[in-house]
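Structure, as structure tokens:
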């Protein structure tokens, strides 16, 4: 299994959960070398093999290079989880060309390029794209991120058609589970009233969704919202 952005936070949680379920892990990271090593140690403690692969997705060649590095280690993933992302703060009138370009390279193009390379590999079975529950709403404070994730949502559904029947393609859209990097977890309290369940999600809620989509052989083209029902507000009859 190849998981991008798996050094820490949700990516690391997914890697550890999947290792616990019996998967060997190709752990991609960009700059968080120490976090990657710590996550790799936890995976090895579960008795699974882990290969760490560094890569910068602002380089369009990186997706192909990651698969080449994994292949050199004798690892050919059956499952691809695209969770690497950037989250710049920007508004419609402050967003720069550089912010938009970086967001699309990392959040949109890299998952597409990885999926294409994965489809040509030896044993591809399933792609999971990590999206964001707010992509169906409006995030006016993270304009570049918002646009890039909405594009990835459309690509996810397109790939489900293009890669069928051989490969299943689904998306996971988390809601309020972890705070932004460096922020106090208590800051999420002010957002839980916007969910139908009136609570904050757990990392386990997310990893259980990853395990479900990884293992269910009859689900494709789905976007699984892990957001306490927040996505239904204002769009009751849309899916």
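The values are calculated or read from the model by the stated rules, or taken from the named source; none is laboratory data. For clarity, every value in this text was computed on a predicted model and none was experimentally measured. Here the Cβ positions follow ideal geometry from the backbone for every residue, glycine too, while neighbour counts run over all protein chains shown.
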Original post:
Has region 174-185 got at least one residue that is over 21 Å from residue 135 (Cβ atoms), surrounded by 12 or more Cβ atoms within 10 Å (Cβ to Cβ) and either touching a helix residue (DSSP H, G or I) at 6+ places or on another chain (Cβ under 9 Å) or touching a residue at least 12 places away in the same chain (Cβ under 8 Å) (or both)?
Top reply: no
**OP:** For residue 210, state whether it is farther than 14 Å from residue 132 by Cβ, part of a loop (DSSP other than H, G, I, E, B), in contact with a helix residue (DSSP H, G or I) (Cβ under 7 Å, 6 or more places away or on another chain) and touching a residue at least 12 places away in the same chain (Cβ under 8 Å).
**Re:** no
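Take residue 37 and tell me if it is loosely packed, with under 13 Cβ neighbours inside 10 Å, at pLDDT 95 or above and part of a helix (DSSP H, G or I).
no
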Original post:
Among the residues of region 125-135, is any at pLDDT below 95 and more than 14 Å from the chain's Cα centre (by Cα)?
Top reply: yes
Subject >> Of the criteria (1) surrounded by fewer than 19 Cβ atoms within 10 Å (Cβ to Cβ); (2) without any contact (Cβ under 8 Å) to a residue 40 or more places away in the chain; (3) outside any loop (DSSP other than H, G, I, E, B), which one residue 151 fails >> reply: (2)
**OP:** Take region 68-110 and flag every residue that is in contact (Cβ under 8 Å) with a residue 60 or more places away in the chain, crowded, with 21+ Cβ neighbours inside 10 Å and part of a helix (DSSP H, G or I).
**Re:** 110
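Residue by residue, here is whether (1) out of contact with any strand residue (DSSP E or B) (no Cβ under 8 Å at 6 or more places or on another chain); (2) modelled with pLDDT of 95 or more; (3) more than 23 Å from residue 173 (Cα to Cα) holds:
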{"site": "22", "(1), (2), (3)": "yes, yes, yes"}
{"site": "46", "(1), (2), (3)": "yes, yes, yes"}
{"site": "50", "(1), (2), (3)": "no, yes, yes"}
{"site": "59", "(1), (2), (3)": "yes, yes, yes"}
{"site": "82", "(1), (2), (3)": "no, yes, no"}
{"site": "96", "(1), (2), (3)": "no, yes, yes"}
{"site": "99", "(1), (2), (3)": "no, yes, no"}
Original post:
When region 17-34 is examined, which residues are found to be in contact with a helix residue (DSSP H, G or I) (Cβ under 7 Å, 6 or more places away or on another chain) and free of Cβ contacts under 8 Å to residues at least 40 places away in the same chain?
Top reply: 19, 25, 27, 29
**OP:** Give region 116-133 a look and list any residue that's surrounded by fewer than 24 Cβ atoms within 10 Å (Cβ to Cβ) and free of Cβ contacts under 8 Å to residues at least 60 places away in the same chain, or say none.
**Re:** 116, 117, 119, 120, 121, 122, 123, 124, 125
